[in-house]
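Enquirer: Following this message is one structure expressed as structure tokens.
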Amino acid sequence: MLTLLLHLKPMNFEISNLPKRDAKPRNNGITMVMDKGLSIREAEDMLSVGVEYIDLVKLGFGTSYLTPHLKEKIALYQSAGLGVYLGGTLLEAFIIRNQLDNYLALLDTYNLNHVEVSDGSIDLEHDEKCAIISRLAKRCTVLSEVGSKDATKELAPYKWIKLMQTEIDAGASKVIAEARESGTVGIYREKGEVREGLIDEILTKIPMEKIIWEAPMKSQQVWFIKLLGANVNLGNIPTNEVIALETLRIGLRGDTFHHFLP
């Protein structure tokens, strides 16, 4: 099965004037998929059609605590060349219980070399968060998430920029702009509309290749693709929408059809 996955032909025929996608392993144009509890068979099915277009898999929030055959699923993703990590909410659950060392042992148990550091559900001093990022960066690729899961906590643009830059300086490989799996908080308004002014401000200071924008809704994906191109980093993509997102990236769906034409 795995040998088959690694030798998929990504395109079935030729079409001219499509935007060029960066080749894997990618630093730009990353697609991060949220696995909210797939079975091994479902994970294999997802990879059978989408492995060429997926870069990272997040085992969302605390699902890894309950998911059967967790070690086998992680190994499946890693064997397909994907970075896989546990949801940041799980790390927060360990931190609030003063069990960070237990979490570090968990990374070793499951042979994880990617980790998400977030503080969207807990009150964590930013210096402490950065210290955790620095500690984990010595052993893993760190993705740090900025923004709150509480819709009533709306950060000013300068604050987003300061937090993102400080966490990059602490050792985060990329920063993730919070939106939850619903796409209705953080960089979005209550009904999912993009906070356009906020995004513009962030991009004046933080390079686009350093940011993964959580964008679970099609409208959000379209907005970022039109703003930043086919190779924008997007996250929290539903597992059954990997191919659909790729068509948006290259102008083979109505929403971006004319955007990339000469």
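Enquirer: Of these, Asp101, Asp123, which one is at pLDDT 95 or above, loosely packed, with under 12 Cβ neighbours inside 10 Å and not in a strand (DSSP E or B)?
Expert: Testing whether each residue is at pLDDT 95 or above, loosely packed, with under 12 Cβ neighbours inside 10 Å and not in a strand (DSSP E or B) leaves just Asp101.
Enquirer: Applying the selection to the stretch 176-233, what residues are crowded, with 23+ Cβ neighbours inside 10 Å, in contact with a Lys or Arg (Cβ under 9 Å, 6 or more places away or on another chain), within 22 Å of Ala23 (Cβ to Cβ) and of a type outside the set (Val, Ile, Thr)?
Expert: Residues satisfying the conditions are Gln221, Asn233.
Enquirer: So Asp108 passes all but one of these: (1) free of Cβ contacts under 8 Å to residues at least 60 places away in the same chain; (2) within 22 Å of Leu245 (Cβ to Cβ); (3) not in a loop (DSSP other than H, G, I, E, B). Which condition number does it fail?
Expert: The number of the failed condition is (2).
Enquirer: Another one. Given the condition modelled with pLDDT of 90 or more and either buried (at least 22 other Cβ atoms within 10 Å of the Cβ) or assigned to a strand (DSSP E or B) (or both), answer yes or no: does some residue in the stretch 154-165 qualify?
Expert: Yes, because at least one residue in the stretch 154-165 is modelled with pLDDT of 90 or more and either buried (at least 22 other Cβ atoms within 10 Å of the Cβ) or assigned to a strand (DSSP E or B) (or both).
Enquirer: Identify the single condition in (1) under 28 Å from Ile187 (Cα atoms); (2) within 17 Å of the chain's Cα centre (by Cα); (3) assigned to a helix (DSSP H, G or I) that Ala131 does not satisfy, given that it satisfies every other one.
Expert: (2)
Enquirer: While we're here: Can we say Thr166 is out of contact with any Ser or Thr (no Cβ under 6 Å at 6 or more places or on another chain), touching a residue at least 12 places away in the same chain (Cβ under 8 Å) and farther than 28 Å from Leu70 by Cβ? Spell out the reasoning first.
Expert: Numbers: out of contact with any Ser or Thr (no Cβ under 6 Å at 6 or more places or on another chain): yes; touching a residue at least 12 places away in the same chain (Cβ under 8 Å): yes; farther than 28 Å from Leu70 by Cβ: yes.
Yes; evaluated as a whole, the condition is true for this residue.
Enquirer: While we're here: In the stretch 219-243, which residues are closer than 15 Å to Met34 by Cβ, in contact with a helix residue (DSSP H, G or I) (Cβ under 8 Å, 6 or more places away or on another chain) and not in a loop (DSSP other than H, G, I, E, B)?
Expert: Within the stretch 219-243, Gln221, Leu234, Ile237, Val242 qualify.
Enquirer: Given the criterion out of contact with any Lys or Arg (no Cβ under 9 Å at 6 or more places or on another chain), surrounded by 14 or more Cβ atoms within 10 Å (Cβ to Cβ) and under 30 Å from Trp160 (Cα atoms), identify the matching residue among Gly50, Gly62, Gly88.
Expert: None of the others qualify; the one that does is Gly62.
Enquirer: Within the stretch 50-107, count every residue that is under 21 Å from Arg139 (Cβ atoms) and in contact with a Gly (Cβ under 9 Å, 6 or more places away or on another chain).
Expert: 14
Enquirer: Scan the stretch 79-90 for residues that are assigned to a helix (DSSP H, G or I) and under 16 Å from the mean Cα position of the chain (by Cα) and report the count.
Expert: Narrowing the stretch 79-90 to residues assigned to a helix (DSSP H, G or I): 79, 88-90.
Then keep just the ones that are under 16 Å from the mean Cα position of the chain (by Cα); that gives 88-90.
Final tally of qualifying residues: 3.
The values are calculated or read from the model by the stated rules, or taken from the named source; none is laboratory data. Fair warning: this is a prediction, and the values are worked out from it, not measured in the lab. Here Cβ is always computed from backbone atoms with ideal geometry, including for glycine, and neighbour counts include all displayed protein chains.
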